[in-house]
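Q: Provided herewith is a single structure, encoded as structure tokens, for subsequent inquiry.
Bear in mind that the values in this text are calculations on the coordinates, not laboratory data. Bear in mind that the values here come from a model prediction, so they are computed numbers and not experimental data.
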């Protein structure tokens, strides 16, 4: 498909329902939310998007995809621009991994617009910067091919089984098809991302979901987020990093979390 002049996106659900923005993880696409979409689109206007260089989003949307030129703040501003194009001011946000980091950045930078925040298998700090820079350099040299063999072990609780499912195969194709420059730029953004000291300033009602089999952001990342964000709630599910193993639990937690904001006391 040809790249979109804005972040590639899809809208689902009733046009007059509260807006729920769903952010994907590094190396995947909006397909990472495919299992939850039918249920969530019954109650929400769901906006899914692809990261630059992923799915249908062009790497050229980034101001400087060269090494060290991309930040999570820039990615968050691209998402906010997309939300503006669909004509909404206030929105709920849920994101997986890097998608969650984008949501946390939005909640910090635009607190009046984020009605609620859900961070799924995400973190306030994704570890030392050097491994991310090394991965970015590898992908710039050789593409994403060298990452394919280890991706199932990073992403899934049961790598062999889930990688062979239609969804698993689709997500691995997303990684194979990602533009090396865009993927590497997102690695650069993760290298420099550290919101640990800023977590107490997040005012949006926050839900943190961790995966007990998540080797990329193990449960202590979820606990750090929940401890740092005022009044955050936390749930650990039996999932890997992409949380694809328990879609019904994820959608139920999201629905209940947003309902508490939209319909307090019910």
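Q: Any idea what angle helix 129-142 forms with the longest principal axis of the chain, computed on alpha-carbon atoms, 0 to 90 degrees, nearest 10?
A: 50 degrees
Q: Something else now. Under the definition of Cα pairs under 8 Å and six or more residues apart, what whole-number percent is the relative contact order of the range 166-266?
A: 22 percent.
Q: May I ask you to give the average projected area over all directions of the convex hull of the Cα atoms of the range 92-134, in nm² rounded to one decimal?
A: Across all orientations, the range 92-134 yields a mean hull projection of 3.1 nm².
Q: While we're on this one: Compute the Rg/Rh shape ratio of the range 162-266: radius of gyration over Kirkwood radius, all on alpha-carbon atoms.
A: Value, to two decimals: 1.02.
Q: While we're looking at this one, here's another question. Could you give the length gained by full extension between residue 141 and residue 263, i.e. 0.36 nm per residue of separation minus their alpha carbon distance, to one decimal place?
A: Additional length available on full extension: 38.9 nm.
Q: Where does the chain land at 222 nm, in deg cm²/dmol rounded to the nearest 500, when only DSSP H runs of n ≥ 4 count, each adding -39500 (n - 2.57), divided by all residues?
A: Helix-only estimate at 222 nm: -12000 deg cm²/dmol.
Q: Report which label in (i) 0.97; (ii) 1.01; (iii) 0.91 holds the value of Cα Rg over 2.2 N^0.38 Å derived from the coordinates of this structure.
A: (iii)
Q: Continuing with this model, one more query. Could you tell me the relative contact order of the chain? Use alpha-carbon pairs under 8 Å, at least six residues apart, and round to a whole percent.
A: Relative CO of the chain lands at 22 percent.
Q: DSSP beta bridges in the chain, what fraction antiparallel, as a percent rounded to 5?
A: Looking only at bridges with both residues in the chain, the antiparallel portion is about 15 percent.
Q: Against the 2.2 N^0.38 Å scaling, with N counting residues, where does the range 132-207 land? I'd like the Cα-based Rg ratio to two decimal places.
A: Output field value: 1.37.
Q: Let me ask you something else. Taking the alpha-carbon centroid of each part, what is the distance from the range 44-119 to the range 175-242 in angstrom?
A: 14 Å
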